[in-house]
Amino acid sequence: MRTGEWMSVETVEGHRLTNRRVLVVVAHYDDEALFCGGTLALARSAGSSITIVVATDVRSTSGPRYERRLATKAEGNRRSLRRSSFLRVCDRLDADFVELGLPNLPQRMTRQSAAFTQLRRTMTRALLEHRVTEDVDLVLTHGTRGEYGHPQHICVSEAVTDACANDEEVWRFSKHEEATHRVVVNQADKMSLVREYQNQARPDPTWRPEYDARLVEWTGHYEWFELPTSQLDFLVQPVE
């Protein structure tokens with residue numbers, strides 16, 4: 001287990017989130033709100049511009065794990081609502097967005113598989129073709145372990161590594177015990193973005209990630225990140 005480090009709100013706003021060109025690359029619609037919505041709200045209020053890239057076609061994404069499989073028409077409606085939720089989040093953050101429309105890897109897929117390798121290459125090529133990694137100061141994306149092991153998250157993380165130049169800062173989402181930094185966020189602001197997606201649990205709008213053991217640590221007052229050692233050029237305090 002790695003000992004994490006504390007990044008104060010003042011340090012985030014004054015040194016890392018003010019007047020930046022922020023790129024967010026996520027696997028699925030809702031990841032941007034869940035893993036870094038609070039950080040994005042801080043960045044926007046500090047004068048930063050935001051572009052959000054979602055890699056996966058909404059037609060190939062799944063609903064919450066506890067939700068039963070829906071009939072085709074109902075599922076189509078849910079996915080339409082999920083994309084509408086994403087657009088509302090972008091509107092609230094005054095963010096530009098890009099949708100890559102790529103397939104979703106099955107949960108049991110390993111990074112050694114041919115399908116993973118092919119999707120990573122396709123994703124990297126799409127990021128470069130859309131030129132989203134150009135002229136950005138800060139990149140937020142999935143961690144190398146996929147937060148809770150999701151292969152699509154891991155694939156996005158590796159594609160971002162392939163597509164980014166060496167001069168961007170890359171912050172990777174992390175579980176708290178693996179994080180090097182945490183950002184103190186306004187929980188109400190963050191969860192109001194997450195709530196935009198509550199309608200994905202159709203027909204009963206009850207998606208509550210704070211009650212999901214996999215997701216609960218991203219629903220509090222902190223958002224967790226892992227930064228390369230080369231980027232740790234400012235004073236921090238240890239996480240207790």
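Only the coordinates and a few stated rules stand behind these numbers; no lab work does. Remember, predicted model here, so these are calculated numbers, not experimental data. When we count neighbours, we look across all protein chains shown, and the Cβ atoms used for this are built from the backbone with ideal geometry, even at glycine.
Give me ARG78, ARG121 sorted ascending by neighbouring Cβ count inside 10 Å, so fewest comes first.
Working: ARG78 19, ARG121 12.
Ascending number of Cβ neighbours within 10 Å: ARG121, ARG78.
Residues with beta-carbon under 10 Å from that of VAL53, excluding VAL53: net charge, scoring Lys, Arg +1 and Asp, Glu -1?
Overall, the nearby charge balance is -3.
Between rounded, prolate and oblate, where does segment 117-178 land on the alpha carbon gyration tensor, with a ≥ b ≥ c its root eigenvalues, rounded for a/c under 1.5, else prolate if a/b exceeds b/c?
Numbers: a/c = 2.87, a/b = 1.26, b/c = 2.28.
Oblate is the answer for segment 117-178, as a/c is 1.5 or above yet b/c matches or exceeds a/b.
Treat each spin label as a single point 7 Å out from the Cα along the C-beta direction, and report the ASP96 to THR117 distance in nm.
Inter-label distance under the simple model: 3.4 nm.
For ARG195 and ARG83, calculate 0.36 nm times their separation in residues minus their Cα-Cα distance, and state this gained length in nm to one decimal.
39.0 nm
Under a Cβ-only charge scheme (Lys and Arg +1, Asp and Glu -1), can you give me the dipole magnitude of segment 73-198 about the Cα centre, in debye to the nearest 20?
It works out to roughly 880 debye.
Sequence-distant or interchain residues sharing an amide H contact under 5 Å with LEU105, placed H: which?
Under 5 Å from the amide H of LEU105: GLN152.
Using the count of nearby Cβ atoms within 10 Å as a rough guide to exposure, how do LYS73, LYS190 rank from fewest to most?
Values: LYS73 8, LYS190 25.
If I rank by nearby Cβ atoms, fewest first, I get LYS73, LYS190.
To make sure I understand, if each residue's beta carbon is the centre and we count other beta carbons within 10 Å, what order do VAL216, VAL139, VAL25, VAL183 fall in, fewest to most?
With the fewest neighbours first, VAL216, VAL139, VAL25, VAL183 line up as VAL216, VAL139, VAL183, VAL25.
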